[in-house]
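> Got a structure here, written out as structure tokens. Questions coming.
The values are calculated or read from the model by the stated rules, or taken from the named source; none is laboratory data. Every value quoted in this text rests on a predicted model; they were computed, and no experiment measured them. Ideal geometry is used to build each Cβ from the backbone, glycine not excepted, and the neighbour counts take in all protein chains shown. Surface areas here come from the heavy atoms of the whole protein model, side chains and all, with no ligands, DNA or RNA. Shrake-Rupley method; radii C 1.70, N 1.55, O 1.52, S 1.80 Å.
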Amino acid sequence: MTGIEQVGLSGCYGPIAAGGTAGPVYVMCAAESGPVLCALDLDGRSLWTRPTGTAGGQMRVASDGGVWLAGQATLVETAANGAPGRLVELPCGDGERIGAFVVLPDGFLVAWASTPYNGARVERVDGAGSRCWSAELPDVRLSYEGVMEMSAASGWRSEPMAPWRPEVFSPERWGGLLVSADRVLATYVDWSSGIGVGFCLDLGNGRLVWTTPPHPTGERAIAGPGAFLVGSQGYGAFSTRWYDRDGATVAEWPSQGRLLVSSRGRIRVVEMDNDLSSERRIRRLHRDGRMTDGPPLPGYYTVGPVLSGDGRAAFWRDGKLQIGDVDLSVRTVCEGEGEGVERMLLLDGGRLFFVLTNDWATGDGRLVMVETDLPALDTGVWPCGESDPHANPVR
């Protein structure tokens, strides 16, 4: 394995996507004129660059290779060759904006938010933007035992916060909208507290099937047909719960972090906890609630992991590219400067692509590539963040 190779593209921010395991690699970059979408081949050579206008944020790649970005109430496509594609305008209410979206085989699924919070809804539309259904989500009052407040009425003593209606309640940017078989999991969060709720709907008609209790939001993943993994982290919470298609809890573990689900249905987690005094590990989560522990992992923030077909998992953490083996042992491949940004791609030839940044305030990241001996990406339901190279979590 070789060291880190800078692809020669700076100003990168946010997660990346690919047209497939053979590329191209797509990444958003900052430019003086505004955000641009860049496409590169697997050797890091530029194929094309295109201004995105007002669209940005989440990037989804459709099965036909089209790259989709969202504006406030529009979905904007760039064709695989870099040419302008379709523009889908979606009717919306005053103050509404697209909070999250995914590409379906026959259209789109959109999670709407309003600022200030005046309700939320999830909508399914066809490829032209015509509505199939729209589901108004229940008006929420949030509470969690670890959330405290002080007021003059209590003599400025710290007391549990009474249930509150959030001022801003919008979809989680990453993992906020997942589709598995006939189920949709839309996760909305109160950004002032980090407390959120997951709403599970029927994909066919938008009927609300079940909801999670309010919880400190953590990582989420697809576990299987109609099933989801929901993590909680913060205010003393550190757990992952497996919900089946009807909302029943299949298993729960005292662990939370970046998740992987292999083609054999095996679940692994690279733990993340913002309590730096805690000792976190890579673990295997068993269906009966047991866990198998790997070695302690220094550091906290993790980009990846991504799972190869032979069961090895690559991830960037604590300034190191690391490989976790099937037996959960971990070794360092190479070291470098910078923290990872969200997501890692494993593409043909064992090439790993991800973004590193030295300055979160400016978002001035750089795209890097590492050549490894890893085989092809695992074919499970969650072998990497956002489920697949397309960054489109629809299974």
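> List the pairs whose first member sits in the stretch 211-240 and is at positive phi, whose second member is among the acidic types (Asp, Glu) and surrounded by fewer than 24 Cβ atoms within 10 Å (Cβ to Cβ), and whose Cβ atoms are under 8 Å apart, counting only residues at least 6 apart or on separate chains?
GLY226/ASP182; GLY226/ASP244; TYR235/GLU145
> Still on this structure, I have one more. Which of the following residues is under 21 Å from the mean Cα position of the chain (by Cα), at pLDDT 95 or above and not in a loop (DSSP other than H, G, I, E, B): VAL269, VAL209?
Going through VAL269, VAL209 in turn, just one is under 21 Å from the mean Cα position of the chain (by Cα), at pLDDT 95 or above and not in a loop (DSSP other than H, G, I, E, B): VAL269.
> Mind listing whichever residues of the stretch 243-266 are part of a strand (DSSP E or B), touching a residue at least 40 places away in the same chain (Cβ under 8 Å) and touching a Phe, Trp or Tyr at 6+ places or on another chain (Cβ under 8 Å)?
Within the stretch 243-266, TYR243, ARG258, LEU259, LEU260, VAL261 meet the criteria.
> On to the next question. If a residue has to be open to solvent by 20 Å² or more (accessible area, probe 1.4 Å) and either on the phi > 0 side of the Ramachandran plot or not in a strand (DSSP E or B) (or both) to count, how many in the stretch 87-118 make the cut?
Residues that pass the stated criteria total 10.
> If you don't mind, there's one more thing I want to ask. Can you tell me which residues in the stretch 34-51 are part of a loop (DSSP other than H, G, I, E, B) and either open to solvent by 50 Å² or more (accessible area, probe 1.4 Å) or at pLDDT 85 or above (or both)?
Across the stretch 34-51, the qualifying residues are PRO35, ASP41, LEU42, ASP43, GLY44, ARG45.
> Same structure, new question: Would you check which residues across the stretch 176-206 are assigned to a loop (DSSP other than H, G, I, E, B) and either under 28 Å from GLU149 (Cα atoms) or touching an Asp or Glu at 6+ places or on another chain (Cβ under 7 Å) (or both) and list them?
GLY176, ASP182, TRP191, SER192, SER193, GLY194, LEU203, GLY204
> Here's another thing I want to ask about it. Between a residue in the stretch 140-151 that is open to solvent by 50 Å² or more (accessible area, probe 1.4 Å) and any residue that is acidic (Asp, Glu) and at pLDDT below 80, which pairs come within a Cβ distance under 7 Å, given they are 6 or more apart or on different chains?
MET148/GLU159; GLU149/GLU159
> Among the residues in the stretch 291-308, are any in a strand (DSSP E or B), hydroxyl-bearing (Ser, Thr, Tyr) and open to solvent by 20 Å² or more (accessible area, probe 1.4 Å)?
Let us first name the residues in the stretch 291-308 that are in a strand (DSSP E or B), namely 291-296, 302-308.
When the remaining residues are screened for being hydroxyl-bearing (Ser, Thr, Tyr), the result is 292, 302, 308.
Remaining after also requiring open to solvent by 20 Å² or more (accessible area, probe 1.4 Å): 292.
The answer is yes; a qualifying residue exists.
> Out of all the residues in the stretch 119-136, which are outside any loop (DSSP other than H, G, I, E, B) and either out of contact with any Phe, Trp or Tyr (no Cβ under 6 Å at 6 or more places or on another chain) or among the polar types (S, T, N, Q) (or both)?
Listed by number, the residues that qualify are VAL122, GLU123, ASP126, ARG131, CYS132, TRP133, SER134, ALA135, GLU136.
> Within the group ASN274, ASN358, which residue is surrounded by fewer than 14 Cβ atoms within 10 Å (Cβ to Cβ) and closer than 23 Å to TYR26 by Cβ?
Of ASN274, ASN358, the one residue that is surrounded by fewer than 14 Cβ atoms within 10 Å (Cβ to Cβ) and closer than 23 Å to TYR26 by Cβ is ASN358.
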